Amino acid sequence: MLISENFCIKPFTTFGVEVRAQQFIVVSSIGDLQDLFKEGFLKTEPRMVLGRGSNVLFTDHYEGLILSCQIRGKEIVEENDDYVLLKVNSGEYWPGLVDEIVEKGLGGMENLCLIPGKVGAAPIQNIGAYGAEIKDVIESVEAFDMTTGTGKIFTKKECDFGYRSSIFKTKEKGRYFIVNVIFRLSKKPKLNLAYAPLKEIFQGRKEEEITIKEVSETIKKIRNKKIPDPDSLKNAGSFFKNPVVKKKTADKLRQQYKDMPYYPQTGNKVKLAAGWLIEQCGWKGKRIGDVGVYDKQALILVNYDNASGKDILQFSKKINASVIKKFGIHLEREVIVI
Ligand code: EPU
């Protein structure tokens, strides 16, 4: 295992800011983790795991240890006429995996195509898009406890999934290194066309005639129009979560803003669209120096070239302040700020 000191991690995050990590180690197997534990490396504070770095923003150099997850490989662990249980190691790249699964005609991941990131990050923040969430196809997650040096399998229930959240982001934050995820994929796929623009596109078609490949290709087209590819424009997807507020608050706002997107949730709550709120505050397409709000989707902040993490964070705070001022709503970040 190679231990790099004072290592530039710019290419390891999709925001691509210029920062260094005091120590940087590539982890390629569970054996690597066991060795690192035995040698005491995992006691380093702070320490963190990076997948593709597509949901983090570094605001300074990292004075600690970064573990880069590169455990590759996958295998079928169970199969029958109805489903396949596929174990995928955490260092596999998510978009490639989805394409491969869709190509095989296995259902459950097709709405989640093109999301930049690695498999290990998918359960941590319960990635979601176009009416689907990864929790719906997760069977279990195997993780390495960096505090005790032992492995643990989390059932789906134990993962405690929520909107862009799981136990790995809340109660057990920073403790586990995700080693692999088992996905339950259907051989008799049921399409998920709940997302309104998708429903519209497929309107009038018989569901039996629509393939998951077609759904995935359609989503790719929608996505490519709205979300920039981090390989060509540096970004970390949605910077903020969509706020979930009390129905009373949402209803009051809706009286004033008749066209405000409004998604009823359980527990007398309503989810609002952060992108809409930000756009209403006049931020869409705005740029200050090298930081900007993407002109096709106001939820996405972009680094046009040399913005620092601090520039991006400052910019996001200005957006939040104007949303609070206009709507009285605080936006929570989806991106993890370090
Ligand atoms: N909207 C605007 N202006 C904008 C953006 C959105 O008015 O600039 C409105 C849209 O017209 C629509 C509503 O807001 O009425 C919702 O927009 P959209 O369907 O584009 O989705 P989103 O809520 O903005 C979420 C996810 C995305 C995911 C899309 C599609 C979050 C925080 N974001 O965005 O996820 O791709 O739905 O399902 O939940 C990510 O997590 O990185 C991400 C990109």
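The values are calculated or read from the model by the stated rules, or taken from the named source; none is laboratory data. This is a predicted model, so every value here is computed, not measured. Neighbour counts are summed over all protein chains in view; Cβ atoms, including those assigned to glycine, are modelled from backbone coordinates with ideal geometry. For the accessible areas, the whole protein counts, side chains as well, though only heavy atoms, and no ligand, DNA or RNA atoms are used. Shrake-Rupley method; radii C 1.70, N 1.55, O 1.52, S 1.80 Å.
Some notes on this structure:
- G267 being outside any strand (DSSP E or B) and within 13 Å of the ligand (Cβ to nearest atom): no
- Out of K87, K169, K173, K152, sole residue that is part of a strand (DSSP E or B), over 27 Å from E217 (Cα atoms) and charged (D, E, K, R): K152
- In this entry, D305 is excluded by the filter for residues that are open to solvent by 10 Å² or more (accessible area, probe 1.4 Å), in contact with a helix residue (DSSP H, G or I) (Cβ under 9 Å, 6 or more places away or on another chain), within 16 Å of V17 (Cα to Cα) and not assigned by TED's automatic domain parsing to the domain that holds F58.
- Any chance G174 is in contact with a Lys or Arg (Cβ under 9 Å, 6 or more places away or on another chain), open to solvent by 40 Å² or more (accessible area, probe 1.4 Å) and either away from the ligand (no atom under 13 Å from the Cβ) or of a type in the set (D, E) (or both): yes
- Among the candidates I9, I25, I30, residue that is open to solvent by 30 Å² or more (accessible area, probe 1.4 Å), on the phi < 0 side of the Ramachandran plot and in contact with a strand residue (DSSP E or B) (Cβ under 6 Å, 6 or more places away or on another chain): I30
- Looking at L277, L299, L313, just one residue is away from the ligand (no atom under 15 Å from the Cβ) and not assigned by TED's automatic domain parsing to the domain that holds T59, and that residue is L313.
- If you go through region 210-232 and pick out every residue that is over 17 Å from the mean Cα position of the chain (by Cα), under 25 Å from Y294 (Cα atoms) and touching a residue at least 40 places away in the same chain (Cβ under 8 Å), you end up with 3.
- Screening the candidates K310, K296, K271 for the property of being of a type outside the set (S, T, N, Q) and more than 21 Å from the chain's Cα centre (by Cα) yields one hit, K310.
- Residues of region 109-129 that are closer than 20 Å to V335 by Cβ, within 11 Å of the ligand (Cβ to nearest atom) and over 9 Å from the mean Cα position of the chain (by Cα): L112, L114, A129.
- Restricting attention to region 183-192, the residues that are more than 12 Å from the ligand (Cβ to nearest atom) and either polar (S, T, N, Q) or crowded, with 20+ Cβ neighbours inside 10 Å (or both) total 3.
- On inspection, G53 fails the criterion of being open to solvent by 10 Å² or more (accessible area, probe 1.4 Å) and in a loop (DSSP other than H, G, I, E, B).
- Conditions (1) open to solvent by less than 10 Å² (accessible area, probe 1.4 Å); (2) of a type outside the set (V, I, T); (3) within 13 Å of the ligand (Cβ to nearest atom); (4) touching a helix residue (DSSP H, G or I) at 6+ places or on another chain (Cβ under 9 Å): number failed by N235: (4)
- Unique residue being open to solvent by 60 Å² or more (accessible area, probe 1.4 Å) and at pLDDT 95 or above when the list is K206, K199, K221: K221
- Among the residues of region 284-296, those identified as within 9 Å of the ligand (Cβ to nearest atom) and surrounded by 16 or more Cβ atoms within 10 Å (Cβ to Cβ) are K284, V293, Y294.
Residue-by-condition table, conditions (1) free of Cβ contacts under 8 Å to residues at least 40 places away in the same chain; (2) outside the structural domain of F239 (by TED's automatic domain parsing); (3) aliphatic (A, V, I, L, M):
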site: E78; (1), (2), (3): yes, yes, no
site: N89; (1), (2), (3): no, yes, no
site: G96; (1), (2), (3): yes, yes, no
site: E103; (1), (2), (3): no, yes, no
site: G107; (1), (2), (3): no, yes, no
site: N111; (1), (2), (3): no, yes, no
site: A122; (1), (2), (3): no, yes, yes
site: A132; (1), (2), (3): no, yes, yes
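- Residues that are free of Cβ contacts under 8 Å to residues at least 60 places away in the same chain and in a strand (DSSP E or B) within region 60-73 comprise E63, G64, L65, I66, S68, listed in sequence order.
- Search result, residues across region 78-93 that are surrounded by fewer than 12 Cβ atoms within 10 Å (Cβ to Cβ) and either of a type in the set (A, V, I, L, M, F, W, C) or touching a strand residue (DSSP E or B) at 6+ places or on another chain (Cβ under 9 Å) (or both): D82
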